[in-house]
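Undergrad: After the structure tokens below, expect a handful of questions from me.
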Amino acid sequence: MANCHDLFHEFHQEIRILSSKKERMKTSKVALRSKIRKFFKENHPEYKPLFFTQGSQKSKNAIRYKDDMADLDDGVYFNRLPDVSATTLQKWVYDAIEGHTIGGQQHKKKCIRVIYANDYHIDLPVLYKTDDMPHPKLAVKNEGWADDDPKEFTKWFNDAKDKEGQLVKETMFMKAWGDERRHNMPSGLCMTILLEKNCQYDDRDDLCLKKTLIALKRDLDLGWFCYMPTHPKDDLFLKYDDTFKSNFLSALQSFIDDATEAINTEDKEKASKLWRKHLGGRFPEYKSSNKNHSKNIVVGLGGVASASKPWSE
């Protein structure tokens, strides 16, 4: 069998967000927070913004997309019951950061997006939570307030991580597959939930992914749903129609077939090409004459960090 564990290690290094980009994103996040605080202090002093970095950055499974873009979610929280609409509160956050970047900003359904052209974007979901509320409410443009709890979800995923970090890596591999296809693919949130439920741990990343794909297909054949494991525990697949379902399951079966062939073949060069077919050109192509690779190389699994403060002023 072709052992491509070392190639998956290289692939993981290729799709992770480099420290230089992370530093730029962190600097931008701090600047946005400062600008939002200043705006509300001057224009709406009864609303004091608090912040919580959430999503894939907090869970440590964010990827760098094939166009070299990345994203970060920084929740803008208000510890009070709003006396304005959800859309208005979003608009105030939009006004606070308007013109901050050359790339501009967008008022999306569930966040304000700040675009740093050809580099990354930062999403600013707007939420409120009073002291007597068990969970926050998320502002949804033109719809009102929706149940949500990003902090609870982050804790759930961080608690689910294995100490070797394989769940995080396998989630990143599946997100990279979704990024490569970009059509008829579940969201990164759905991928994270499905992977936690179906991850088949193995010392080899290639074997782990193949077995996980099979387990995922079996799971979805039994029931087409993806329930949030935390509040509000709704089915995230309800937004996908039958055409989406059919296309995704077909793509998943195709990936399983090629992953199985990649594992079973003795030809590592052929195996790498089969993986590249689904994971894209960033997955390394093994050359039989390339002495930088060894069929028997074993690369250790990296550890992961956990979340810290819930939010900061």
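Undergrad: Taking the condition of being among the charged types (D, E, K, R) and farther than 10 Å from T260 by Cα, how many residues in the range 207-219 meet it?
TA: Of the residues in the range 207-219, 3 are among the charged types (D, E, K, R) and farther than 10 Å from T260 by Cα.
Undergrad: Considering only residues that are within 20 Å of D159 (Cα to Cα) and in contact with a Phe, Trp or Tyr (Cβ under 6 Å, 6 or more places away or on another chain), look in the range 209-232 and name the one that is surrounded by the fewest Cβ atoms within 10 Å (Cβ to Cβ).
TA: If we take residues in the range 209-232 being within 20 Å of D159 (Cα to Cα) and in contact with a Phe, Trp or Tyr (Cβ under 6 Å, 6 or more places away or on another chain), then P229 is surrounded by the fewest Cβ atoms within 10 Å (Cβ to Cβ).
Undergrad: Shifting gears a bit: Please find, within the range 176-209, the residue that is nearest to D6 (Cα to Cα) out of those that are of a type in the set (K, R) and in contact (Cβ under 8 Å) with a residue 60 or more places away in the chain.
TA: Among those residues, the one meeting the criterion is R204.
Undergrad: Further, regarding this structure: In the range 121-141, what residues are surrounded by fewer than 12 Cβ atoms within 10 Å (Cβ to Cβ) and under 25 Å from I63 (Cβ atoms)?
TA: Of everything in the range 121-141, nothing turns out to be surrounded by fewer than 12 Cβ atoms within 10 Å (Cβ to Cβ) and under 25 Å from I63 (Cβ atoms).
Undergrad: From the set of residues in the range 1-60 that are open to solvent by 70 Å² or more (accessible area, probe 1.4 Å) and of a type in the set (A, V, I, L, M, F, W, C), which is farthest from L279 (Cα to Cα)?
TA: Looking at residues that are open to solvent by 70 Å² or more (accessible area, probe 1.4 Å) and of a type in the set (A, V, I, L, M, F, W, C), I get V30.
Every residue, every condition in (1) small (G, A, S); (2) closer than 24 Å to F283 by Cα; (3) in contact with an Asp or Glu (Cβ under 6 Å, 6 or more places away or on another chain), yes or no:
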residue: C190; (1), (2), (3): no, yes, no
residue: N198; (1), (2), (3): no, yes, yes
residue: Y201; (1), (2), (3): no, yes, no
residue: K210; (1), (2), (3): no, yes, no
residue: K217; (1), (2), (3): no, yes, no
residue: G223; (1), (2), (3): yes, no, no
residue: M228; (1), (2), (3): no, no, yes
residue: K239; (1), (2), (3): no, no, no
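Undergrad: Counting only residues that are open to solvent by 30 Å² or more (accessible area, probe 1.4 Å) and assigned to a helix (DSSP H, G or I), how many does the range 237-267 have?
TA: Residues meeting the conditions: 14.
Undergrad: Any chance the range 102-109 includes a residue that's of a type in the set (A, V, I, L, M) and surrounded by fewer than 17 Cβ atoms within 10 Å (Cβ to Cβ)?
TA: Checked against the condition, which is being of a type in the set (A, V, I, L, M) and surrounded by fewer than 17 Cβ atoms within 10 Å (Cβ to Cβ), the range 102-109 yields at least one hit.
Undergrad: Now, a different point. Scan the range 4-33 and report the pairs whose first residue is within 19 Å of D68 (Cβ to Cβ) and whose second residue is assigned to a helix (DSSP H, G or I) and of a type in the set (D, E), with Cβ atoms within less than 9 Å and a gap of 6+ or a chain change.
TA: Pairs that qualify, where the first residue is within 19 Å of D68 (Cβ to Cβ) and the partner is assigned to a helix (DSSP H, G or I) and of a type in the set (D, E), are F11/D205; H12/D205; I15/D179.
Listed here are the residues, each with its yes/no results for (1) under 25 Å from S59 (Cβ atoms); (2) modelled with pLDDT under 95; (3) of a type in the set (D, E, K, R).
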site: P229; (1), (2), (3): yes, no, no
site: L236; (1), (2), (3): yes, no, no
site: I263; (1), (2), (3): no, no, no
site: A271; (1), (2), (3): no, no, no
site: L274; (1), (2), (3): no, no, no
site: A307; (1), (2), (3): yes, yes, no
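Undergrad: Sticking with this one: Taking the range 73-89 only, how many residues are over 16 Å from K38 (Cα atoms) and open to solvent by less than 10 Å² (accessible area, probe 1.4 Å)?
TA: 3
Undergrad: Additional query: For N118, are the conditions met, namely being of a type outside the set (K, R), buried (at least 16 other Cβ atoms within 10 Å of the Cβ) and assigned to a loop (DSSP other than H, G, I, E, B)?
TA: Answer is no for this residue.
Undergrad: Oh, and also: Does R64 satisfy being basic (K, R), in a loop (DSSP other than H, G, I, E, B) and surrounded by 18 or more Cβ atoms within 10 Å (Cβ to Cβ)?
TA: Answer is yes for this residue.
Undergrad: Restricting the first residue to the range 70-99 and requiring it to be within 29 Å of D179 (Cβ to Cβ) and assigned to a loop (DSSP other than H, G, I, E, B), which pairs with a second residue that is among the hydroxyl-bearing types (S, T, Y) and modelled with pLDDT of 95 or more meet a Cβ separation below 9 Å and a spacing of at least six or different chains?
TA: A70/Y120
The values are calculated or read from the model by the stated rules, or taken from the named source; none is laboratory data. Owing to the predicted nature of the structure, the values given are computational and were not obtained by experimental measurement. Neighbour counts run over all protein chains shown; Cβ positions are idealised from the backbone, glycine included. In case anyone asks, the SASA skips ligands and DNA or RNA and just uses the protein heavy atoms, side chains included. Shrake-Rupley method; radii C 1.70, N 1.55, O 1.52, S 1.80 Å.
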